[in-house]
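Here is the structure we will look at, set down as structure tokens.
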Amino acid sequence: MTQTAAMAAVLARLERAMGGDVSAVLEPEALADARTLADSIHPDSDDVQAERLLGLLHWLRCQALPEGDDAADGKLAVRWLAVVLARHPDAVPDPLLSLVARTAPLDPRPAVWVAEAVRLLRSTRAVANADVLHRAARLLARALEATPTDQAEHAAVRTALAAVREHAADAVRSRLNRYLREGPSAVLGPEVFQELSTLGEMLDPDPDDIPGLGTMTYLGMLHWARFQALPAGADEADLALAVTWFTPVFPRLPLAVPKELGSTLAERVPPAGLTPAAWADEAERMLQMPGADELPNYLGRAARLLRAALAAPDPIDADRTVIGSNLAIALQLLFNHSRDLAHLDEAISAGRTAAAMAADDPRLVGRLHVLSEALHTRFEQTGDRADLDAAIEACQGAVEASDDARRVSLLADLSLALAVRHRTAGDLADLTAAIDAGRASIALGSEDVALALSNLGSMMQTLFERTGDRAAISDAIEMGRRAVAANEPNGWQRAMYWTNLSNALRTRFERVGDVADVDAAVDAAGQAVQTAEADDPNLGMHWANLASALGSRFNQTGDQADLSASIEAAQRAVAADGPQRTDYLINLSTALKLRFQRTASPADLDASVAAAIDAIDASPDDPGRAKYLSQLSLVLGMRFDLSGDPADLARAVETAGEAVSLTPTGHRDLATYLAQHASALRLRFHTTRDLADLGTAIEHHLQAVAATHADDPHRSSLLYNLANALNDRHAATGNAQDRTDALAARRSAAEMTAALPLNRVDAARAWAQEAASVGDFEAAARGWDIVFHILPQLVDRGLDQRDRQHHLRLLAGTATAAAATWIELGDPGRAWQMLETGRGVLLGQALESRSDMAGLDAELATELAGLRRALNPSPDAETPAAAPPLPHSDAVQRRRAIRTDWDRLVTRIREQPGFERFGSPPTLDELREATTGGTVVALNVSDQRCDALVLTPDTADVIPLPRLTAADAARQANTFLAAVYAPPIATAAVVNGVLDWLWETTVGPVLDALGHRGPPRPGEPWPRVWWIPTAALTVLPIHAAGNNRVLDRVVSSYTPTLRALRHGSGRPRRPDVRTLAIGIDRMPGPLAPLAFARAEASAVSAMLAGPGRLLLDNAATYAAVTEGLSTATWAHFACHGVPAADPADSHLALFDRPLTARDLIGLNLDGAYLAYLSACTTAFSGATLIDESISIASAFHLAGFRHVVATMWPILDSLAPRVTDRLYHGILAGDDPALALHHALREAQQDYPDHPHLWSSYVHIGS
């Protein structure tokens, strides 16, 4: 049989078997066909088709035969396919490649091995199999061993073997890429382990095989990945192989080794060489590797190698100076992880040795620099000044020995070290030397000019704080601005530049007082927070700086939005943690203290105390401990004032004293600590009356003042506190000099223009009051002038209205006290100006924004109208969505922008002819215009004296009221208010008693002096008096004094201020009647039903002719009422009036929501005539803002109604319709509303002669 026929027979059997007929290869004839084919093969033939068919036949038999009977066929299958693999690798089926590749070569000749290996490498399919690749490697390795090195074939075999290893490396990289794409599934399974092991056998883990390190790294990573993914117990082999492959990698590529293996490898891997020079070289390579400073095990290994190199006997190949310096570097870096001072000590010892050995060596500069850094680091840990001095000396030596290229960075380091020594010791020479070094570094061309500028700017700021040199702080700000303007990406350094700039701006603000600086400081601090990344180690510092900047602006303006944002920023600083966390806690304590001072919340004060205690507990050796102790003393003293706990007082004194004892003479904060200790001692004096405490307090206050620059804003509060202590001693001892000195201190504090506005106002008010008490009214007048000069800052339109109200509460009684001073000086005109400037301030601002625009340029008028709406938004204006509170509130920015636009517009309008006084308070002559037809009487009540200021078109007079005192007025007012809210059976006698007192002390003398001693003669008009009560008299019915005595002499009206009266007098006297009548008997919520409100409103609507709207119960919604007000000239409200703690929140209870005084002020109802508020307490302005006269009634008047009838306290539901009916009949008969109400009340008085509280609640406001 020919070979062709034999191959056909075997092929037929294979096809049958593969088709499912296994008997085709198991029949005895099959072996006969195989032998026939085998016998036909020629040994030198290149055709392997016969061998392939035989291999497949025997393989199929091996698969089909039972176990134990298959061995012979298996061996034959592998033998025949091995021949195929050696000649034509691509002809071996994939499933059999690995099995065949593991067989030994059949031919003993090296040349045949090489030829087979080359054929294997040329087969793309075969070389992708790790076992085939491994076979090629074994064949070439055996051939290399059998081939003499002097033969040309030796080099060819080496080249082929290198190609095999490159294929192996490609296979490893391919598997790693699969792992990176697919995750752990790409490396699991026993076949993967076999593949990696096979590939690994082709690679020699030789540490000197630099190109092979990458492949070794990949193998290590793959085995490490398998170790992490496999369950415990099945992972040991992979861990061992990972360590094996990473071992040669570690000395040269440590960042490629998993950190978890770093410790093991650092300890077990031997040095890369056997000589000290090799050890030193390896260590140097390790230190130069990027990221080495983050690997403590790596650094430890480097240190051990360098120690060993240094310990070797001379001579060694390496330079011992270099080794010592590298050891110092390694140990410094290692200390950053270990915090073990022993590492620093050894670093300094090695650095000193290296520097000494390099005394005449060009490398001395580097050695001294390394030594300087190690010494500086140890100083930061121990505070040992000797280390800092030595660090500076070494750095100075490096500067002197360096060339210009190195000198740039060395000067920068020297500058920073000198600045640190200045902060520690306070020697001004160090600060100036630091600045000189910083300037020199920049001049030489600092590579990091932004950092250099920012650092130098901080030093210039410190110079300003030490010397008060304005040029220094201006330079600091300029450098800070140049630093942030540098073209650098965002990051920790750029965030630090913003923070440094913010600090400089805030520092100048706190000394100079320019609000633009603190605004810029807040903006810069916000930029720092936004620029910093989440993992910025200084993030807490940036938040803390923002908190400080916002707190400074709050201290200046009183804007509570800034205070809230400051607290949030301080809380974020503490949460961010960091090395300065104790400072952040003190910032938080300060911010919480400020909020306590605004809100009186004990929880805020407790939290402030807790934050200060946390700072102290965390800083037993902190250089800032004195600051923390002083802060704790301050807030403990405040808590003692609140609770009276003696433990708080004792600790306040103790901690303040400790702060002073910790602070050296000349320290910039010593004055603050002395003043706080003095305050704590004075507080204890108030408890114990121990004059020794008070004497020490005064001595400390004097020392604090003496230690403070003359233009330092804080000097004002120091002088103020000194005056308080001197006054205490004067009161205790009668020492006249103490009082004289106190007045001088008050005056100095008041005249400090850079002081915070509220601090200066407190000082000026105290100076004025105390000067007046000793009869020095000229000095008192100067004090009041300062108060009223600063007042506009405290009610700046850039502040929220609630903040302005808070400031005005603090100034309660100021206007009347100032008026009393000018009365003493015989100038009632100035007294009127004081009342007009210091009372009704918020109403005055609203009036200024409503000035007449007739004749104004159209463009300016349009702009003015828009800003009016912004300043007094209508109640239905859309409220902007709440903005994030940090970096700072959009609401704050919006208000400030409106204020700025208003100020600019006013300036432009005043440039127009005829508008020179636009928006200015009216002059006294202009105010007199409002008195046409009557007399205005301001009842001025102050602790100094009480008077009636009388203004007519021709005169401004004073009527002294010697029987009236402020204390009596307060007592009578409290008695009266308690009575009108009490059960009726207990009311009449008390109310009559108060009204009699009011007549005898106040109203009677005034009317007598005015000549109004009885009713007018028949046919004569009733005389008009507009009352402006002040202080406690604002809650009393002046028109009901003496029960009916005032009613029998004059028609009474009220006005908050002359400005308001003048504003109302310019409105239409009797426009067409367009009625809006509101009547609400029942409404949702807790308010009690009213019995007659609907009927009263319906009657009014029917009584008044003309178009109108009647809104009853559920029809009286907020939207319907405000729409109706926009067109109504007469408005009548019969519903509930509800007072509020904030008078601007007092409201009329509509069916669906309140109509507040704040809402009404935002309306523009020019042309409106009469608002009748038949509701309770609509003319009551509360007890917290007495001088402002903010009420529902005054809001209607300001919105545009010329006349408002309202009530001062709850009215009788059944009486209200009768008073209403009588009033409207009077108006329809031709009386103006004031006269109509006068007649209605006279009738009601006759109906209830013994119960004046029932009718005297009704008042008329307007002209």
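Can you tell me how many residues in segment 766-804 are closer than 30 Å to Arg1158 by Cα and of a type in the set (D, E, K, R)?
6
Within segment 1119-1131, is even one residue of a type outside the set (Ser, Thr, Tyr) and under 41 Å from the mean Cα position of the chain (by Cα)?
Yes, segment 1119-1131 contains at least one residue that is of a type outside the set (Ser, Thr, Tyr) and under 41 Å from the mean Cα position of the chain (by Cα).
Here is a yes/no grid of residues against (1) farther than 18 Å from Met286 by Cβ; (2) in a helix (DSSP H, G or I); (3) touching a His at 6+ places or on another chain (Cβ under 6 Å):
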| site | (1), (2), (3) |
| --- | --- |
| Thr321 | yes, yes, no |
| His337 | no, yes, no |
| Glu346 | no, yes, no |
| Ala350 | no, yes, no |
| Ala355 | yes, yes, no |
| Ala359 | yes, no, no |
| Arg367 | yes, yes, no |
| Val370 | no, yes, no |
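Of these, Leu726, Leu719, which one is among the aliphatic types (A, V, I, L, M), at negative phi and in contact with a Ser or Thr (Cβ under 8 Å, 6 or more places away or on another chain)?
One residue alone meets the criteria, Leu719.
Gly838: modelled with pLDDT of 75 or more and in contact with a Phe, Trp or Tyr (Cβ under 8 Å, 6 or more places away or on another chain), yes or no?
yes
Search segment 177-188 for residues that are under 13 Å from Leu219 (Cα atoms) and pair each with any residue that is hydroxyl-bearing (Ser, Thr, Tyr) and surrounded by 15 or more Cβ atoms within 10 Å (Cβ to Cβ) when their beta-carbon atoms are under 6 Å apart and the residues are at least 6 apart or on different chains.
Qualifying pairs under 6 Å: Val187/Tyr179.
Can you tell me which residue in segment 482-507 is surrounded by the fewest Cβ atoms within 10 Å (Cβ to Cβ), limited to those that are more than 21 Å from the chain's Cα centre (by Cα) and assigned to a helix (DSSP H, G or I)?
Looking at residues that are more than 21 Å from the chain's Cα centre (by Cα) and assigned to a helix (DSSP H, G or I), I get Ala485.
Please verify whether segment 1141-1149 includes one or more residues that are touching a residue at least 40 places away in the same chain (Cβ under 8 Å) and more than 25 Å from Arg809 (Cβ to Cβ).
yes
Condition first: aliphatic (A, V, I, L, M) and part of a helix (DSSP H, G or I). Now tell me which residues in segment 1115-1145 satisfy that.
Result: Ala1115, Ala1119, Ala1120, Val1121, Leu1125, Ala1144.
Quick check on my filter: what residues within segment 218-248 are assigned to a helix (DSSP H, G or I), hydrophobic (A, V, I, L, M, F, W, C) and surrounded by fewer than 20 Cβ atoms within 10 Å (Cβ to Cβ)?
The answer is Ala229, Ala237, Leu239, Ala240.
Output the number of the condition that Glu447 fails; it satisfies all remaining conditions of (1) more than 24 Å from His709 (Cβ to Cβ); (2) of a type in the set (Asp, Glu); (3) part of a helix (DSSP H, G or I).
Of everything listed in (1) more than 24 Å from His709 (Cβ to Cβ); (2) of a type in the set (Asp, Glu); (3) part of a helix (DSSP H, G or I), Glu447 misses just condition (3).
Select, from Arg378, Arg407, the only residue that is of a type outside the set (Gly, Ala, Ser), surrounded by 15 or more Cβ atoms within 10 Å (Cβ to Cβ), at pLDDT below 90 and assigned to a helix (DSSP H, G or I).
Arg407
Does at least one position in segment 557-579 carry a residue that is modelled with pLDDT of 90 or more, out of contact with any Leu (no Cβ under 8 Å at 6 or more places or on another chain) and farther than 30 Å from Gln793 by Cβ?
yes
Considering each of Leu1198, Leu1228, Leu1215, Leu1235 in turn, give the residue that is farther than 29 Å from Asp1166 by Cβ and either in contact (Cβ under 8 Å) with a residue 12 or more places away in the chain or in contact with a strand residue (DSSP E or B) (Cβ under 6 Å, 6 or more places away or on another chain) (or both).
Result: Leu1215 is the single residue among Leu1198, Leu1228, Leu1215, Leu1235 that is farther than 29 Å from Asp1166 by Cβ and either in contact (Cβ under 8 Å) with a residue 12 or more places away in the chain or in contact with a strand residue (DSSP E or B) (Cβ under 6 Å, 6 or more places away or on another chain) (or both).
When you go through Asp711, Asp796 one by one, which is the residue that is among the acidic types (Asp, Glu) and crowded, with 19+ Cβ neighbours inside 10 Å?
Selected residue: Asp796, the only one of Asp711, Asp796 that is among the acidic types (Asp, Glu) and crowded, with 19+ Cβ neighbours inside 10 Å.
Per-residue answers, yes or no, for (1) part of a loop (DSSP other than H, G, I, E, B); (2) modelled with pLDDT of 75 or more:
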residue	(1), (2)
Ile823	no, yes
Met834	no, yes
Pro880	yes, no
Pro887	yes, no
Arg896	no, no
Arg899	no, no
Trp902	no, no
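How do the helices (runs of 4 or more DSSP H) wholly within segment 1146-1263 filter down when requiring 2 or more residues that are over 50 Å from the mean Cα position of the chain (by Cα): which remain?
Qualifying helices (runs of 4 or more DSSP H): 1216-1228, 1233-1247.
Just to be sure, is Ala38 out of contact with any Gly (no Cβ under 8 Å at 6 or more places or on another chain) and either in contact (Cβ under 8 Å) with a residue 24 or more places away in the chain or not aromatic (Phe, Trp, Tyr) (or both)?
yes
Is there a residue being free of Cβ contacts under 8 Å to residues at least 40 places away in the same chain and crowded, with 19+ Cβ neighbours inside 10 Å anywhere in segment 983-999?
Checked against the condition, which is being free of Cβ contacts under 8 Å to residues at least 40 places away in the same chain and crowded, with 19+ Cβ neighbours inside 10 Å, segment 983-999 yields at least one hit.
Mind checking which residues of segment 1122-1140 are crowded, with 24+ Cβ neighbours inside 10 Å and closer than 15 Å to Ile1080 by Cα?
Across segment 1122-1140, the qualifying residues are Ala1131, His1132, Phe1133, Ala1134, Cys1135, Gly1137.
Which condition does Ala1097 not pass, out of (1) crowded, with 24+ Cβ neighbours inside 10 Å; (2) at positive phi, if it passes all the others?
Result: Ala1097 fails condition (2) only.
Restricting to segment 614-637, name every residue that is farther than 19 Å from Val660 by Cβ and not in a loop (DSSP other than H, G, I, E, B).
Matches in segment 614-637: Asp614, Asp617.
What about Ala742, is it closer than 30 Å to Leu939 by Cα, surrounded by 19 or more Cβ atoms within 10 Å (Cβ to Cβ) and either modelled with pLDDT of 85 or more or aromatic (Phe, Trp, Tyr) (or both)?
Taking the combined requirement at face value, the residue does not satisfy it.
The values are calculated or read from the model by the stated rules, or taken from the named source; none is laboratory data. It should be emphasised that the depicted structure is a prediction, and the values quoted were computed from it without experimental measurement. Neighbour counts are summed over all protein chains in view; Cβ atoms, including those assigned to glycine, are modelled from backbone coordinates with ideal geometry.
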